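First up is the structure itself, then whatever we jot down about it.
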Amino acid sequence: MATEVNPTDSVELTDSSSGAGFGYGYGPENPAPLIEPPRARTARTPKSTKTNFELYGWLFMRLSGVVLVVLVLGHLLIQLVLDGGVTKVGFAFVAGRWASPFWQGWDLVMLWLAMLHGGNGLRTVINDYAEQANTRFWLKTLLFTAVTFTIVLGSLVIFTFDPNIR
């Protein structure tokens, strides 16, 4: 049984039925709280930057992600499915693979892209969540050091791998 409402009747809106703020009752007498921007600009903050570093970083993440999906899935398919599974992977298996410049290049590109992709993603997280400039600086320095160390060490292993080691 529906109740008829006459257009001339007055209807009182309550907080739950106003629809203005999901029950919070925001209005002219009770405005919604102002959301401050994260790390608002100060007098020392430059007005604008001359480079598009963040744009290039964003683009790199998308492109490297696509290339990494192809490299990693290809690696898993070839190494684990087509070559007999994980039981064949050992020192001799790696030595045989890295005897070919193709596999050295494949693994090198995968190493570099994975480390740069992950490092750039973590740099973005640090920028978003580290509030103090000093904290951001040291976290990014530590990140840069770890990424550089891993890339250099991994590249060194790929290029100087000796299958005749005893």
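Every number here is computed from the coordinates shown, using simple stated rules; none is lab data. None of these values were measured; they are calculated from a predicted model. Heads up, the Cβs are rebuilt from the backbone with ideal geometry, glycines too, and the neighbour counts pull from every protein chain shown.
Some observations on this one:
- Extension gain for Thr45 to Thr148 (0.36 nm times residue separation, less C-alpha to C-alpha distance): 34.2 nm.
- This ranking places Arg136, Arg62, Arg44 by how few other beta-carbon atoms lie within 10 Å of each, fewest first, which gives Arg44, Arg62, Arg136.
- Sorted ascending by nearby beta carbons within 10 Å, beginning with the fewest, Lys88, Lys140, Lys50 become Lys50, Lys88, Lys140.
- Farthest toward the positive end of the dipole of region 37-166, out of Gly74, Asn52, Phe91, is the Cα of Asn52, where the dipole comes from beta carbon charges about the Cα centre.
- Placing a pseudo-label 7 Å from each Cα along the Cα-to-Cβ vector at Leu156 and Val69 gives an inter-label distance of 3.5 nm.
- For region 53-160, a simple Cβ point-charge model (Lys and Arg +1, Asp and Glu -1, everything else neutral) yields a dipole of about 100 debye relative to the Cα centre.
- Taking 0.36 nm per residue of sequence separation and removing the Cα-Cα distance, the Tyr129/Asn164 pair yields an extension gain of 7.8 nm.
- Listing Thr160, Thr148 from fewest to most neighbouring C-beta atoms within 10 Å gives Thr160, Thr148.
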